Amino acid sequence: MKQEFKFRRWTGEEMVAVHKITFDDDELIVYGGGVVHFADSSTVMQYTGLKDKKGREIYEGDIVRTGKDNIGDPEPMIGQVIMREGSWLIENEKKQEAVDLFSEITSREVIGNIFENPEMLEADENDD
């Protein structure tokens, strides 16, 4: 199976596709959106190789809602997509919960990202 490596970058105003990444004197240089940028690594997000239930690509930094599609599914949650110890997870830091991004039994839906919709994580955190 071929792994697809794709990235996107938050410019401070919009998400743009990244076409090339290089390093120069310990600086990250990102080519995308028709412009060359010196970037903070926290604004560059990797594609997980997975798509949500609507066919939308899931990237690191996306805010994802898990579904309750089958009897016995874990409780639905909202969290941020992160990479931890080589695995893609959906993490709700406030609730100290994390579930695998990949699931054969429960759907995943991208509902936003941490740059454009941070309030989605805050709203979920206040639901306690």
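Numbers at a glance
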read-out: Residue in segment 37-57 that is among the aliphatic types (A, V, I, L, M), over 21 Å from E109 (Cα atoms) and at pLDDT below 85 present; value: yes
read-out: All strands (runs of 3 or more DSSP E) inside segment 7-64 with 1 or more residues being closer than 23 Å to I82 by Cβ and in contact with a helix residue (DSSP H, G or I) (Cβ under 7 Å, 6 or more places away or on another chain); value: 7-10, 27-32
read-out: Top-ranked residue of segment 65-94 - restricted to ones that are of a type in the set (K, R) and in a loop (DSSP other than H, G, I, E, B), ranked as farthest from T11 (Cα to Cα); value: K68
read-out: Any chance Q46 is touching a residue at least 24 places away in the same chain (Cβ under 8 Å), within 29 Å of K2 (Cα to Cα) and surrounded by 17 or more Cβ atoms within 10 Å (Cβ to Cβ); value: no
read-out: Selected residue (criterion: farthest from S103 (Cα to Cα)) from residues of segment 18-36 that are of a type in the set (G, A, S) and surrounded by fewer than 17 Cβ atoms within 10 Å (Cβ to Cβ); value: G34
read-out: Filter pass, A39 being over 16 Å from I114 (Cα atoms), crowded, with 18+ Cβ neighbours inside 10 Å and touching a Leu at 6+ places or on another chain (Cβ under 7 Å); value: yes
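Residues checked against (1) surrounded by fewer than 19 Cβ atoms within 10 Å (Cβ to Cβ); (2) in contact (Cβ under 8 Å) with a residue 24 or more places away in the chain:
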{"site": "K54", "(1), (2)": "yes, yes"}
{"site": "D62", "(1), (2)": "no, yes"}
{"site": "G86", "(1), (2)": "yes, no"}
{"site": "K95", "(1), (2)": "yes, yes"}
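The values are calculated or read from the model by the stated rules, or taken from the named source; none is laboratory data. These numbers come from a predicted model, not from an experiment. Methodologically, a virtual Cβ is constructed for each residue, glycine included, from the backbone with ideal geometry; neighbour enumeration extends over all protein chains shown.
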